[in-house]
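Below is one structure, written out as structure tokens; comments come after it.
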């Protein structure tokens with residue numbers, strides 16, 4: 001089993017720090033996966049667990065770099081699942097919500113300052129904040145369905161200037 005873990009990023013860190021931290025998460029996921037996957041493929045079994053965060057699907061919850069980094073973990077996990085599932089490799093993306101750990105303190109915002117009703121104990125970390133598992137199934141089906149619509153060379157009408165807007169300028 002290979003486990004990759006994305007760390008909470010500082011809520012007010014300088015750009016250079018954010019860039020290093022984001023690159024470190026991506027490099028660690030790639031390095032660990034590329035180290036473990038060939039052995040898993042050779043034996044036809046194995047599990048890769050990537051730990052991200054719910055901010056990967058709700059990026060407005062924290063800063064943009066944090067959300068983008070966690071979205072990378074989720075996208076990488078989907079890609080791995082697509083490429084390795086038929087070889088007996090299981091891939092799991094774990095998306096914990098706010099969890100009572102020291103990571104919040106390191107990021108400059110102690111979890112004790114968050115609303116108590118949104119903070120989970122560290123023992124629960126596989127999207128346990130989503131009580132109805134069918135909601136995830138519906139979200140995943142909708143995400144997969146809409147992803148087939150992304151490959152268009154022409155922007156949607158809502159992004160094209162209207163005749164009135166062009167005339168006004």
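The values are calculated or read from the model by the stated rules, or taken from the named source; none is laboratory data. Predicted model, so just to flag it, every value in this text is computed and none were measured. Virtual Cβ from ideal backbone geometry, glycine too; neighbours counted across all protein chains shown.
Across the range 123-151, which residue is farthest from residue 94 (Cα to Cα) among those that are loosely packed, with under 11 Cβ neighbours inside 10 Å and at pLDDT below 75? Per the criteria, the residue is 151. Quick one: in the range 83-95, which of the residues that are under 21 Å from residue 71 (Cα atoms) and in contact with a strand residue (DSSP E or B) (Cβ under 7 Å, 6 or more places away or on another chain) is surrounded by the most Cβ atoms within 10 Å (Cβ to Cβ)? Out of the qualifying residues, it is 93.
Selection of the range 22-65 for residues being in a helix (DSSP H, G or I), farther than 28 Å from residue 89 by Cβ and in contact (Cβ under 8 Å) with a residue 40 or more places away in the chain yields only 65. Taking the range 96-129 as the range and being touching a helix residue (DSSP H, G or I) at 6+ places or on another chain (Cβ under 6 Å) and either without any contact (Cβ under 8 Å) to a residue 24 or more places away in the chain or closer than 30 Å to residue 41 by Cα (or both) as the test, the residues that pass are 98, 100, 110, 111, 119. Across the range 96-120, the number of residues qualifying as assigned to a helix (DSSP H, G or I) and crowded, with 19+ Cβ neighbours inside 10 Å comes to 2. Before we move on, is residue 93 modelled with pLDDT under 80, outside any helix (DSSP H, G or I) and either in contact with a helix residue (DSSP H, G or I) (Cβ under 6 Å, 6 or more places away or on another chain) or within 26 Å of residue 25 (Cβ to Cβ) (or both)? Spelling it out, it is not the case that residue 93 is modelled with pLDDT under 80, outside any helix (DSSP H, G or I) and either in contact with a helix residue (DSSP H, G or I) (Cβ under 6 Å, 6 or more places away or on another chain) or within 26 Å of residue 25 (Cβ to Cβ) (or both). Against the list (1) within 18 Å of residue 140 (Cα to Cα); (2) at pLDDT below 85, the condition residue 62 fails is (1).
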